[in-house]
Every structure is written in C-alpha cells, then in structure tokens.
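Asks: What follows is a single structure, and I will ask about it in a moment.
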Amino acid sequence: MNHSPLLNRHRIHWAEIAYWLMALAVFFLFPRNLSLATAIVIMALFALSLDLVMGYAGVVSMGHAVFFGIGAYGAGLISLAGHHEPITGAILAGLAAASFALMVGPVLMGLSGLPQIMVTLALNVILYEAGNKAIAITGGDDGLRGIKLDPLLGLFKWTVFGQTSYLYALGWLFVLFLVVRCLVSSPFGVSLQGLRENTERMRFIGTPVRRQLVVVYVVSGFIAGIAGAVSAQTVKFVGLEALSVEKSIDALVMLVLGGVGRLYGALIGAPVYMLVHQVASEWNPFHWMFVIGGLLIVVVMFARGGMLGVAAMLAARLRGGR
Amino acid sequence: MSALEAIGLVKRFGALVVTDDVTLKVPVGARLALIGPNGAGKTTLVGLLTGLLRPDTGTVVLNGRDVTALAPALRVKQGLVRTFQINNLFRGLTILENVFLAVSEHAGSSFAMLRPAGRCKPLVERSEAILDMLGLADVRHQTITDVSYGRQRLVEIAIALSLDPKVLLLDEPAAGIPGNEVARLLDTIARLPKDLAILLIEHDMHVVRQFAQEVMVLVAGRVLMTGSPQEVMSSSEVRTVYLGGARTTHA
C-alpha cells in the first residue's frame, strides 16, 4: 500500500456519501417504520461514542451506558423542569454526562486491561442500582413520563409517525459523526492510536498519556450523553434500561459486528443488530438472542474486523485482481 | 556543565542491591559508553535515569535541574530521550506514522483536534526530513512489521531524533542487527549532532571502540572503572570480568 492511512483519513470516500444518502432515503422509503429507524440512529450514535474510546484509544469501557443513562435522565429532567427547547436540552444533558466522565475519567484512565473492564462494569452496575433506588429523581421502575418539547427550531412539531424525531436524531448523528471524524483524523487522533498500539512507548515520546485519555473519554461521554438525551426526547420516556449493563453490551456487540476502530463500524453495526433483532424476535420472541449470539460468533471467528473489515479485505482483493 | 548527571544512585529489589552507589557525568557533546557483563545492572540504571524506576537514594540531574521525582514523559520534555534494546515501536502503523507521532508530540500538537494530521504540513515535512536523514524515505509508507529488523532499529533512532534530544540514551542499538547493517547504523550514529550528549549502552566491543570517547564499566551494580576505550580494554580487571570469575565479588 503506497500511503500512510492515518495521515489520509480526512479524505472522503464515495461510500461515505452513499451511506448518508441512504440514511436520508429511509425517511422517504419507510415512513411507517420511523420509530425503529430513530432507535437505530440513536444506537449508532451511542456505538460511535464507544468506538472513539475503544476503537481508537484502546480503552475498554464495559459501562458506557452510564453516560447514555445520565444523558437520558438529564434530558428528561430538564424537560420536566420546564425547559422545552430540544437542542439546548440535549446539549445540557450531554454536558452532564461529560462532567461525570471528567469526574471518573482520571481514575478509570489510570487503569488498563482487566482492571479497567471490571471497574467500568462495576461503575455501571452501581449507577443502575442508584437509579433504581433514587425514585425521587428517576421515578424508579416507573421511569420518567410527561416529557414535553417545543417544536424543533420553533418550526417542526413532533409528529405521531416520528418524521421530526428521525430527522432530529439523524441530524445529531451526522453532526457528531463529523466531529468524531475530524477528531480521529487530527494529530490528536493519531496520538490516540499511538496509545492503542503502544501506551508504554507513548510515555517515552513524552505524551501525557492519562490527560489525553481523559480528554477523549470526556468527549465520548458527551456523545453518549447526547445519544441518551435524544432517546429520551424522541421516545418521551426514560426507563432504567437506559442505564443498564445490557445497554452497554448492546453497543459493544454492534461495534464488534460492524467493525471496531472504523467509525462506520458503529454506523453499520447498529442497523444490522437492530434489524436482525427485529426480524428474529418476530420469528421467536424468546429465543432471538440465539440469532444475535450466532451472528456474533461467526463474525468474531471468521470475520475479524467485523463486517467492514471483510468489506475492506474484499475491496483490496478486487483491486489487486484488476 | 553536564547534560546528564547521576549522583550516588542506589536501587534495591528486596535484599538485592542492583544499583550500588553509581555516580556518572555525561557532559554536553559526550560520547560515553556503558559496558558490563549480563546482570551488571545496565538496564536498571537506564530505568533510573529515564524515570521508569525511582532510586532508593541518589539524584538524577538533567541540564542542571533535579529530575529525580519526574515521570518519564516529563523527562522526555526536558530533552532526555531513549531508544529501546528490543524494538518498541507502533507495530500496526507505518514508519511515517511512527515518526509523525513523535514529531507531533514534540511540536506540542498532540492535542490539536481541528485540522487533519495529513494536512499539518510542517509536521509531515519534518517527519519526512528525519526519515530522509536516516535513509528510510523509500519505506516510509510500509508498516513496521513489513521491514527488516535493522530498518526497525533505525526507526527507533528516528523517533528519538524527532524529539530533539539534549541527551540520548541508546540501549544496545546494534542488538539483533545482521553484520552488514551494523555499519549503516554506526555511520548514522557518527553523524548525529556534535552537541548532543550520547550515552550508549552496549555489549559489542567493536561498536564501543568505534563510538566512544569514554567508557564506563559496570559490574554487579557498581562502577568498576571509567577511562578511554584503550585504557578500559587493556585493564586486567576488566578482562577478568569479561572472562568470568569476578562477577560475584559484590552482592
């Protein structure tokens, strides 16, 4: 290969344009399935936030739903407190999640490997239990209801079929995707990948390792928080599942299916996972996990790098054959 | 003034004294070689100098500043840079990317987020200039694992030079390189800036003779002697050590 991929990451590939056109086309092609489509977009955004820390910086976070949950409850509470403007509401909720990441980041980013996995997981479990107990804030098992929003930009009402919701979620995904894309292409992003490759060596080129990891963790926490906020705002409900370990694992599975450390892995993995889930649970509402589990095993064993990894390999082979 | 100075360094692991009251001076522009048999404590000493290990007693002074309590990354910022005995590179990245990481860090750009790395002209150009200097330009887009071990050794040095060191610790730079590539490496080292202080940790006497103005012999954690290469090599004491037998004189 006659280039250094990290230094060419900012170049736009035609497939990227195709992807976003398709996402937009969903709006016109499946007007009756927009609530599922919105849920997919939200999970893609959540998985993208995980890819930033895990796929690029090599941080293994098993409890990323912590930030999703804080964002969701944050956005819900902000609306219930009387602030109904959606965009600023989501940003405030994202900032709440980011602040929490800033609080726990310095400790978590000092860990690596198994301890990091266990502590992030434990943090998730603790927060879930705290959410369960703090009924006054979270509504406990009943969750938060009665979330109201002003029309988007003062113009678009929140319709029953979810047209506004879908475009609102897709808008967030697109903007934050551009932010993440810019981040991973920058010298900061290259440095993150140096950390993933060889943290020890980074210390010996003088990198303030922990500070760099905390920064990316906070950015990732913000994005996960926005994903949670958008979920609360579009579903008009927040339940404890927003904070659950299952939520964290869902994002991880989506990322692994799509391909870790590729940005679009999150954006491909989320729809695949959720569509398979949809179809399989119609087929059998109790055993759909077998299908997802089977798919995951196949990808991990035979398609390292996920679906995008396989696609990239095939593309390289085709090009080589020409 | 010494670029790097260690005063009375002691390091114990349990009851074992691995570094036993070592004092050394590396003046500006020095070409000092540190030799010693296996187990003499060379690696530990490098660890103490670079900040990977903390001495039990003693101080490390870099450019007149006490850095004993400073973490490795901060010592690098002060100009103390090392290479590794076993290649310690970013194996999944290309050679250019390996060097770019160091150049970007040194330029203070490792938190720059707004502009794509590939469009940061000064950083890319400096990376390429360093690769050019070390004869690595033609393989700059190859992944580390795709080039020869000797080339990888040169990347170690390229990364170190990107950090614009005042003091360079070369930890057995010739280790594992086939004979025909050693000459190129030595040539590269010989062409390094004259005002750079270099401490070479080496096993190979041939390399030491070519490189060093001064040689320090470390045995069982202690400095056995310091002198010119000729003095050291003609010393009967040093010979005894290298032929075995004297290794147990100190615990």
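The values are calculated or read from the model by the stated rules, or taken from the named source; none is laboratory data. Here the structure is a predicted model, which is why all the values come from computation and not from measurement. No Cβ is skipped: glycine too gets one built from the backbone with ideal geometry, and neighbour counts run over all protein chains shown.
Asks: Pick out, from the stretch A:209-322, the helices (runs of 4 or more DSSP H) lying fully within it that include 2 or more residues that are among the aromatic types (F, W, Y), within 22 Å of the chain's Cα centre (by Cα) and surrounded by fewer than 17 Cβ atoms within 10 Å (Cβ to Cβ).
Replies: none
Asks: Looking at (1) within 14 Å of chain A (Cβ to nearest Cβ); (2) among the β-branched types (V, I, T); (3) touching a Lys or Arg at 6+ places or on another chain (Cβ under 9 Å), which one does B:I157 not meet, given that it meets all the others?
Replies: B:I157 satisfies every listed condition except (3).
Asks: Residue by residue through the stretch A:108-160, note down the ones that are loosely packed, with under 12 Cβ neighbours inside 10 Å, assigned to a helix (DSSP H, G or I) and among the β-branched types (V, I, T).
Replies: Within the stretch A:108-160, just A:I135 meets the criteria.
Asks: Taking interchain pairs and intrachain pairs at least six residues apart, which have beta carbon atoms under 8 angstrom, with the first residue in the stretch A:74-89 and without any contact (Cβ under 8 Å) to a residue 40 or more places away in the chain and the second crowded, with 20+ Cβ neighbours inside 10 Å?
Replies: A:I78/A:G89; A:I78/A:A93; A:H83/A:G89
Asks: Just wondering, is there one or more residues in the stretch B:179-199 that are under 22 Å from B:S2 (Cβ atoms), more than 14 Å from every other protein chain (Cβ to nearest Cβ), part of a loop (DSSP other than H, G, I, E, B) and of a type in the set (D, E)?
Replies: Yes, that holds for at least one residue.
Asks: What single numbered condition from (1) outside any loop (DSSP other than H, G, I, E, B); (2) within 10 Å of chain A (Cβ to nearest Cβ) fails to hold for B:V61?
Replies: Tallying (1) outside any loop (DSSP other than H, G, I, E, B); (2) within 10 Å of chain A (Cβ to nearest Cβ), B:V61 fails exactly one: (2).
Asks: I'd like to check something: does the stretch A:210-232 contain any residue that is touching a His at 6+ places or on another chain (Cβ under 7 Å), at pLDDT 95 or above and not aromatic (F, W, Y)?
Replies: Yes - at least one qualifying residue is present in the stretch A:210-232.
Asks: Another question, then. For the stretch A:245-281, which residues satisfy the criterion of being at pLDDT below 90 and polar (S, T, N, Q)?
Replies: A:Q278, A:S281
Asks: Please note which helices (runs of 4 or more DSSP H) are completely contained in the stretch B:70-139 and include at least 1 residues that are at negative phi, touching a residue at least 60 places away in the same chain (Cβ under 8 Å) and facing chain A (nearest Cβ under 7 Å).
Replies: Filter on the stretch B:70-139 gives B:72-77, B:95-106.
Asks: Within the stretch B:140-149, count every residue that is assigned to a helix (DSSP H, G or I) and either polar (S, T, N, Q) or touching a residue at least 40 places away in the same chain (Cβ under 8 Å) (or both).
Replies: 3
Asks: Let me ask something else about it. Tell me, which residue of the stretch A:190-199 that is more than 7 Å from every other protein chain (Cβ to nearest Cβ) and not polar (S, T, N, Q) is surrounded by the fewest Cβ atoms within 10 Å (Cβ to Cβ)?
Replies: A:R196
Asks: Just wondering, is there one or more residues in the stretch B:111-131 that are of a type in the set (S, T, N, Q), surrounded by fewer than 20 Cβ atoms within 10 Å (Cβ to Cβ) and under 21 Å from the mean Cα position of the chain (by Cα)?
Replies: no
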